[in-house]
Amino acid sequence: MRALYGVPLSLAAAGAAGLVYAAGFEARSFRLRRVTIPVLPAGMRPLRVLQVSDIHMVGGQRKKQRWLRSLAGLRPDFVLNTGDNLSDPEGVPETLDALGPLMEYPGAYVFGSNDYYGPKPRNPARYLLEKAQGRHGLNGNAAAADVIHNPWEDLRDSFDAAGWLNLTNTRGTLKIEGVSVELTGLDDPHIKRDRYPEVAGGPSASADFSMGVVHAPYLRVLDAFTADGYPLVLAGHTHGGQLCIPFYGALVTNCDLDTDRVKGLSTHTAEGRTSYLHVSAGCGTNRYTPVRFACPPEATLLTLVGRE
């Protein structure tokens, strides 16, 4: 009996323990990463940017809400929210409560697909299949049927009322102690709402510093920002792979970005130019897959400094 069932039972126990860890501990093990990026013109004072992404708020997530509120103690120069705030049509009030202290600071935002539409149960193996076939979101897949429409307008109106810039296929400018920071944003490429021709042309000559902002880091978007001369692009969406293999890394990015750049700071090259790319692993999960493994939830404090 032991010879027949000992190993399978051990594997089952290990799998159960891993699931408990992934859902009960790591998915709630929020942390802050700090990154320094040399992108500012020489002589400009450093800028501290707090990036929050992929909150995927579900009702009752008190620990996540407390942690998000605590980030205001970092006193950033400005906040960038790179989308997917919701994973529950009823989650707008708790999302706004959690972000309330951060909305006291200058900021800007783009939306992701989960701000517009509620999630549906999905076999995680489909992400591997879509990766193999080069299909992600509406990029090669048919439009989803019977989708739940989230009250994203309430989220937008509250962000706007707080003074955050709506970067939906448009540009905006923040004034930070006399420094002009131009932000060029796109709507979510994952559901083909990006309209780069509406913002094309590169950084404005009147801005002291310019950067690109988008939810999902699809290559067509990164190519466009980089070719236009933006020194830095911020994105989210990937969840850092969410379920990663220790000492190996992510299996998928849920877009056409390679897994080597699934999270953190890297570079992107297009048409002879190179930009820095920062992808946040985000601090939430889809409500139907509330697990993380070897990829803890995060926000990032980016310190932008002068180029070397």
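Summarising the amide proton neighbourhood of VAL233: residues at separation of 5 or more, or on other chains, whose placed amide H is nearer than 5 Å comprise GLY212, TYR276, LEU277, HIS278. Here is the tail figure for segment 60-134: Cα pairs spaced more than 20 Å apart come to 45 percent of all pairs. With every protein chain in place and a 1.4 angstrom probe, the accessible-area ranking of TRP152, TRP164, largest first, reads TRP152, TRP164. With 25 Å as the limit, the listed pairs LYS131/LYS263; LYS175/LYS263; LYS63/LYS175; LYS64/LYS175 have LYS175/LYS263; LYS63/LYS175; LYS64/LYS175 beyond it between alpha carbons. The residues of the chain present an accessible area of 44 Å² per residue when probed at 1.4 Å with all protein chains retained. Under a Gaussian network description of the chain, with springs only between Cα atoms under 10 Å, the residue in HIS149, HIS190, HIS136 that fluctuates furthest is HIS149.
A cut-off under 15 angstrom between Cβ atoms defines the neighbours of LEU47, and their net charge, with Lys, Arg +1 and Asp, Glu -1, is +2. Note that segment 138-150 has calculated 3J(HN,Hα) couplings of 8, 8, x, 9, 6, 4, 5, 9, 6, 7, 8, 8, 7 Hz, one per residue in order, obtained from phi through the Karplus relation 6.51 cos²θ - 1.76 cosθ + 1.60 (θ = phi - 60°); glycine and proline are x.
Rounded to the nearest 500, the helix-only mean residue ellipticity at 222 nm of the chain stands at -7000 deg cm²/dmol, with each DSSP H run of n ≥ 4 adding -39,500 (n - 2.57). As a length-normalised measure over Cα pairs under 8 Å and 6 or more apart, the relative contact order of segment 140-246 settles at 19 percent. Placing +1 on the Cβ of every Lys and Arg and -1 on the Cβ of every Asp and Glu, with nothing else charged, gives the chain a dipole about its Cα centre of roughly 1060 debye. For GLY185, the shell of other residues with beta-carbons less than 10 Å away shows a net charge of -1, using +1 for Lys and Arg and -1 for Asp and Glu.
Calculated over the chain, the projected area of the Cα convex hull averaged across directions stands at 17.7 nm².
Largest GNM mean-square fluctuation across GLU198, GLU104, GLU177, computed for the chain with C-alpha springs under 10 Å, falls on GLU177.
The local environment of ASN123, defined by Cβ-Cβ distances under 15 Å, has a net charge of +4 under the rule Lys, Arg +1 and Asp, Glu -1.
Ranking LEU165, ALA207, ALA224 by how far each Cα lies toward the positive end of the dipole of segment 156-237 (charges on Cβ) leaves ALA224 at the top.
In order along segment 256-264, the phi-based Karplus estimate (6.51 cos²θ - 1.76 cosθ + 1.60, θ = phi - 60°) of 3J(HN,Hα) comes to 8, 5, 6, 5, 5, 10, 5, 7, x Hz; Gly and Pro are listed as x. The relative contact order of the chain comes to 27 percent, based on Cα pairs under 8 Å that sit 6 or more residues apart.
How many percent of the accessible area of segment 33-192 is carbon or sulfur, using a 1.4 Å probe? Here it works out to 52 percent.
The values are calculated or read from the model by the stated rules, or taken from the named source; none is laboratory data. Every value quoted in this text rests on a predicted model; they were computed, and no experiment measured them. Here Cβ is always computed from backbone atoms with ideal geometry, including for glycine, and neighbour counts include all displayed protein chains. Note: areas computed on protein heavy atoms with side chains; ligands, DNA, RNA excluded. Shrake-Rupley method; radii C 1.70, N 1.55, O 1.52, S 1.80 Å.
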